[in-house]
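Scroll down for the structure; my scribbles are underneath it.
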Amino acid sequence: MTSPFGRLVVIANPRAGRGRAGQALPRVEQVLTSRDLGYRVVRTTGPGHATEAARDALRAGERYLIAVGGDGTVHEVVNGMIQDGRPLAPGAVLGVVAAGSGCDFVRSFGLPGDAERAAHHLAGDRLCPVDVGVVTCAGDVTRYFVNIAEAGLGGAVVDRAARLGRFPGAARYAAGFWLTLPGFRPAAVRIDADEHARAWRAFNVVVANGRYYGGGMHISPKSDPCDRTLDVLVMTGPKSDSFTTLPKVYRGAHLPHRNIAELRACAVRVEADRPLPVEADGELLGTTPASFGIIPGAIRLKL
């Protein structure tokens with residue numbers, strides 16, 4: 001049984017999850033062989049390689065790309081699939097095999113979190129058109145994201161967590177959060193959502209396409225990655241809210257909340273009285289001011 005989308009291009013980050021993705025790759029290949037799925041493997045060697053591999057494959061006429069790793073690998077592959085605000089190859093298909101330290105993106109679709117079961121989902125023809133977010137930070141740095149972006153505390157946490165390599169994924173994010181929270185100051189934030197301006201004193205702004213981040217936190221339970229809209233959560237504090245709210249976040253039971261403003265928009269701009277760090281899909285990108293938008297149905301996700 002060959003894939004209706006052609007040969008699979010398996011783009012794997014063997015270092016993801018402290019080497020777990022590399023260890024899982026032979027099992028993934030065994031599943032593909034058993035399902036009669038033709039494939040080739042690209043093992044990435046450093047930052048940006050997955051983006052280059054995805055772009056090269058699409059330009060060569062291949063249309064079925066598989067990201068093997070965590071959210072960072074998915075992020076890079078997606079950035080190779082989108083160019084100048086549109087799909088590089090309309091009709092291209094993205095498959096995801098969660099094998100890194102954390103792959104929160106697939107949780108929104110109920111896809112397996114282990115590599116072997118996820119590999120079985122690469123067979124068949126079931127697809128879902130997924131929106132892709134676009135973010136432009138200070139200095140005109142533009143990237144694409146499929147899951148969740150943040151400006152403020154979340155960006156600072158991602159920066160801190162990246163330097164805590166001895167922890168596994170979810171624990172690393174949690175450690176980064178509690179180490180960053182005490183010293184992080186709220187900022188005067190102005191948000192334009194579909195040209196409607198509002199202002200708060202806030203410590204974090206979540207711009208969500210998907211629902212989960214940080215190793216299983218159900219941060220934006222109302223988000224639908226296929227609804228052509230971004231969900232925005234503005235967290236106004238105080239910091240003591242974290243002790244009571246964070247346990248509820250894992251269950252998606254933290255909303256509504258008196259100190260979390262909820263917005264929905266297709267275009268969002270975030271400005272602050274000081275540069276706030278911006279992250280998307282767990283990758284630190286730059287600082288505010290930052291603009292966010294949505295590209296409807298830009299990628300077909302294999303379910």
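Every read-out reported here was derived from the displayed coordinates using simple, explicitly stated rules and does not represent laboratory data. The structure displayed is predicted, hence computed values, not measured ones. Ideal geometry is used to build each Cβ from the backbone, glycine not excepted, and the neighbour counts take in all protein chains shown.
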By DSSP, what percent of the beta bridges with both residues in region 8-125 are antiparallel, rounded to the nearest 5? 10 percent
Cross-link reach list, lysines versus Lys248, counting only Cα pairs under 24 Å and skipping chain neighbours closer than eight places: Lys222, Lys239
Rounded, prolate or oblate for region 82-178? Axes are the square roots of the Cα gyration tensor eigenvalues, ordered a ≥ b ≥ c, and the cut-off for rounded is a/c under 1.5. oblate
Extension gain (nm, one decimal) between Ala60 and Leu255, 0.36 nm per residue minus Cα-Cα: 65.6 nm
Treating the beta-carbon of each Lys and Arg as +1 and of each Asp and Glu as -1, no other charges, what is the dipole magnitude of region 134-295 about its Cα centre, to the nearest 20 debye? 600 debye
Using the Cα centre of the chain as the reference point, and only Cβ charges (+1 on K/R, -1 on D/E), how large is the resulting charge dipole? Debye, rounded to the nearest 20. 680 debye
Rounded to the nearest Å, the spacing of the alpha-carbon centers of region 54-98 and region 115-132 is 13 Å
Which far-off residues, 5 or more places away or on another chain, put their amide H under 5 Å from the one on Phe145, with H placed in the peptide plane? Gly133, Val134, Val135
Once you order the gyration tensor axes a ≥ b ≥ c over the Cα atoms, which shape class does region 8-125 get: rounded for a/c under 1.5, otherwise prolate or oblate by comparing a/b with b/c? rounded
Going by the alpha-carbon gyration tensor, a ≥ b ≥ c the square roots of its eigenvalues, is region 60-106 rounded (a/c under 1.5) or, if a/c is not under 1.5, prolate (a/b greater than b/c) versus oblate? prolate
Could you give the length gained by full extension between Arg40 and Asp192, i.e. 0.36 nm per residue of separation minus their alpha carbon distance, to one decimal place? 50.3 nm
